[in-house]
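Structure first, then comments.
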Amino acid sequence: MKAVVDGEKCIGCGLCVQMAPDVYEMQGDKAVAVKEEIPEDKVEDAKSGADQCPVAAITIS
Ligand code: SF4
């Protein structure tokens, strides 16, 4: 599975990075997905981060 952060929507709150630091990281004032492919054991964390994003900027597919 892959996570993509929409940089247009991201407000840089950092919540996704707190929820899943192995999946997301801050780059400047925006979050980005660290890797193209989410490691199998981090998928639930990645989804939690996406679910809690206040502006729904994260797509997991
Ligand atoms: S939770 Fe959403 S708005 Fe906050 S840093 Fe992550 S992608 Fe950006």
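Quick notes on this one:
- Taking other C-beta atoms within 10 angstrom as a stand-in for reagent exposure, C53, C16 fall in the order C53, C16, fewest first.
- About the Cα centre, charge dipole magnitude for the chain (Lys/Arg +1, Asp/Glu -1 at Cβ), debye: 160 debye
- Along the chain, longest interval not containing exposed GluC sites (Glu not before Pro), exposed being DSSP loop plus at most 13 other Cβ atoms within 10 Å: 9-35
- Once both labels are positioned 7 Å from their Cα atoms along Cα-to-Cβ, the gap between L15 and S48 label points is 1.4 nm.
- Net lengthening on full extension, E8/K30 (0.36 nm per residue, minus Cα-Cα): 7.0 nm
- Computed over all pairs of different Cα atoms, the Kirkwood value for the hydrodynamic radius of the range 3-60 is 10.7 Å.
Every number here is computed from the coordinates shown, using simple stated rules; none is lab data. Source: prediction; values computed, not measured. Here Cβ is always computed from backbone atoms with ideal geometry, including for glycine, and neighbour counts include all displayed protein chains.
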